[in-house]
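Written out below as structure tokens is the structure these notes cover.
The values are calculated or read from the model by the stated rules, or taken from the named source; none is laboratory data. Fair warning: this is a prediction, and the values are worked out from it, not measured in the lab. FYI the Cβ positions are ideal-geometry reconstructions off the backbone, even for glycines, and counts take in every protein chain you see. For the accessible areas, the whole protein counts, side chains as well, though only heavy atoms, and no ligand, DNA or RNA atoms are used. Shrake-Rupley method; radii C 1.70, N 1.55, O 1.52, S 1.80 Å.
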Amino acid sequence: MMVLRILGIVLCVVLLVFVVLTAFTLFAPARIEIKRDMPDGQIKVRLGFGPIKKVFRLGGKRKKTKKPTKKQKKKEKREEHKQETTAPRFDLKRLPIDRALELLVELIYDLAGAVVWEKLHVTVILHTSDAARTGRLLGACSAVVGNLYPYLARTHVLKDTKIVIDADFDAQKTVWGLDISVMTRLCWYPRILWRRRKELWALWKAIRLTKQEREAWSQKQMASQQHPA
């Protein structure tokens, strides 16, 4: 009886931990923050999931890496050979573009309310060597923003928005900066994915490779390595 009681307590604890982790995963806020200071700032991408945060910097100087040892080189070659002879599970060339675009538009409508733009600050000061071209570019960009912003305002939650599109005919180059923060929660997506499950499954069936196709692909790769042209 004591053993059964202990097992019952352990199972209850495991179940409780599972429920807590599931609830945390579904309801914890997930954020994507992108920031770049003008005129030549570094792009900073910050990914957050609840209390977990990770920052990436793009466009900076690469750190010097140590030369790989002979053992590491052999390991890398084995991994490359394995990757070359392992057939992919799907082929994006088979993707029906028209069906994919149609589904993309439907998903954008479904995401209304599921994405919160906590901050949308974009500043672009245009400049080209030709003043007329700069004016045309300014008009085109203003038209795009003028059409896109009302759509975002209708379908998404916009909290802090500041979009500046301008031109400087006396500048040296085009400069731009942005400060964007987008928040969402995973609990909003199961309903959307379930609603579009048939369309998503149809696209997956269109690009996936069957077992026979993967075996034929692997055999072809191995034959080309053994008998190179």
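Side notes on the structure shown:
- Carbon + sulfur, % of accessible area of region 141-213 - ligands and nucleic acids excluded, 1.4 Å: 58
- Paramagnetic label reach from V145 (point 7 Å along Cα→Cβ; backbone nitrogen cut-off under 13 Å): within region 166-202, residues 166-168, 175-179.
- Whether region 146-229 is rounded, prolate or oblate, judged on the alpha carbon gyration tensor where a/c under 1.5 counts as rounded: oblate
- Remark: for residue pairs K162/K198; K53/K159; K53/K211, the C-alpha separation exceeds 29 Å in K162/K198; K53/K211.
- Prolate/oblate/rounded call for region 87-139, Cα gyration tensor, a/c under 1.5 rounded: oblate
- About its Cα centre, the chain has a charge dipole of approximately 1620 debye under the convention of +1 per Lys or Arg Cβ and -1 per Asp or Glu Cβ, with nothing else charged.
- Under a 5 Å amide H cut-off, with hydrogens placed 1.01 Å from N, L209 pairs with F90, D91 among residues at least 5 apart or on other chains.
- Tilt relative to the chain, helix 97-110 - C-alpha long axis, 0 to 90 degrees, to 10: 80
- Part-to-part distance (alpha-carbon centres) for region 1-49 and region 92-111, which is given in Å: 30
- Each residue of region 202-208 is assigned a 3J(HN,Hα), and the resulting list reads 5, 5, 5, 5, 6, 9, 6 Hz, derived from the Karplus form 6.51 cos²θ - 1.76 cosθ + 1.60 (θ = phi - 60°), x at Gly and Pro.
- The chain: antiparallel DSSP beta bridges as a percent of all, rounded to 5: 80
- Near the amide H of T174, within less than 5 Å, lie the amide hydrogens of H127, all on another chain or at least 5 residues away, with H placed in the peptide plane.
- The chain: calculated mean residue ellipticity at 222 nm from DSSP helix runs of at least 4, using -39500 (n - 2.57): -16500 deg cm²/dmol
- Solvent-accessible area per residue, Å², over the chain with all protein chains present [probe radius 1.4 Å]: 79
- Couplings 3J(HN,Hα) of region 165-176, computed from phi: 10, 8, 10, 10, 6, 9, 6, 8, 6, 6, 10, 8 Hz, in residue order, whole Hz [Karplus 6.51 cos²θ - 1.76 cosθ + 1.60, θ = phi - 60°; x for Gly and Pro].
- Remark on I163: its backbone amide H falls under 5 Å from those of V122, a criterion applied only to residues 5 or more positions apart or on other chains, H modelled at 1.01 Å from N.
- The chain: angle of helix 2-27 to the longest principal axis, Cα-based, in degrees nearest 10: 20
- Label-to-label distance, nm, for residues given as Q221 and E199 (7 Å Cα→Cβ offset): 3.3
- Identified option (computed Kirkwood radius over Cα pairs in Å; candidates (1) 18.5; (2) 23.7; (3) 17.2): (2)
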